[in-house]
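Just below is one structure, and these are the notes that go with it.
Nothing in this text is a laboratory measurement; each read-out follows from the coordinates by a stated rule. Source: prediction; values computed, not measured. Please note: Cβ atoms are built from the backbone with ideal geometry, for glycine as well, and neighbour counts cover all protein chains shown.
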Amino acid sequence: MSTQLATFTVAGARYGIDVLRVQEVLRAHTRTTVPLAPPGVTGLVNLRGQVVMTIDLRTRLGLAPLAEDAEPMMVVVEVNGEAISLLVDEIGDVFDVDDSKFETPPDTLPAALREVILGAYKLDQGLLLALDVERATAA
């Protein structure tokens, strides 16, 4: 059995989300900040009239912010019937991954990462971390 994952990178690590959850991939839009928002919520964006919450995965994963001159990308995913935008460093390809190559997260991962990772796929090109979209977007 295989699964199709849309991939992206954050701080050099490759992550994947079930391709059926991804609505679209865009360049980052101007965000309106939300006062008193939890860490990681970087604001709201207007996508063709739809207001969408934006979450910075670097903050959510406990990583340093993206360099000021770098342009993040947005992966718009569906969570509980609502669109949520994830800020990532780069967009990758769609991979067909063999479910037999899936393993649970190793104990050596930092706690912030273990909290939002379902597990990892061992690929010829390295590890592909499967992101738990619900946990990664929980405020």
Quiz item: If you put +1 on each Lys and Arg Cβ and -1 on each Asp and Glu Cβ, how big is the dipole of the chain around its Cα centre, in Debye rounded to 20?
Solution: 340
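By DSSP, what percent of the beta bridges with both residues in segment 2-137 are antiparallel, rounded to the nearest 5? It would help to have the intermediate numbers written out before the result.
Working: 40 of 46 bridges.
Antiparallel: roughly 85 percent of the beta bridges in segment 2-137.
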Quiz item: When you take every Cα atom in segment 2-137, what is the radius of gyration, and what is Dmax, the widest Cα pair distance, in Å?
Solution: 14.5, 44
Quiz item: Taking only DSSP H segments of four or more residues, each worth -39500 (n - 2.57), what value at 222 nm results for the chain once the sum is divided by all its residues, to the nearest 500 deg cm²/dmol?
Solution: -1500 deg cm²/dmol
Quiz item: Of Gly92, Gly49, Gly126, which is the most mobile in a GNM of the chain whose springs link Cα atoms less than 10 angstrom apart?
Solution: Gly49
Self-check item: Listed residue (Thr32, Gly126, Thr54) projecting farthest to the positive dipole end of segment 2-137, Cβ model
Solution: Thr32
Quiz prompt | Extension gain, Asp18 back to Glu78 (0.36 nm per residue minus Cα-Cα distance, nm) | solution = 20.5 nm
Practice problem: For the chain, set up a Gaussian network in which alpha carbons nearer than 10 Å are linked by springs, and say which option among Ala67, Ala83, Ala111 fluctuates the most. | Solution: Ala67
Practice problem: Can you tell me how much longer the chain between Asp96 and Thr9 gets when fully stretched, taken as 0.36 nm per residue apart minus their C-alpha distance, in nm with one decimal? | Solution: 29.6 nm
Quiz item: Most mobile of Thr54, Thr42, Thr33 per a Gaussian network model of the chain (Cα springs, under 10 Å)?
Solution: Thr33
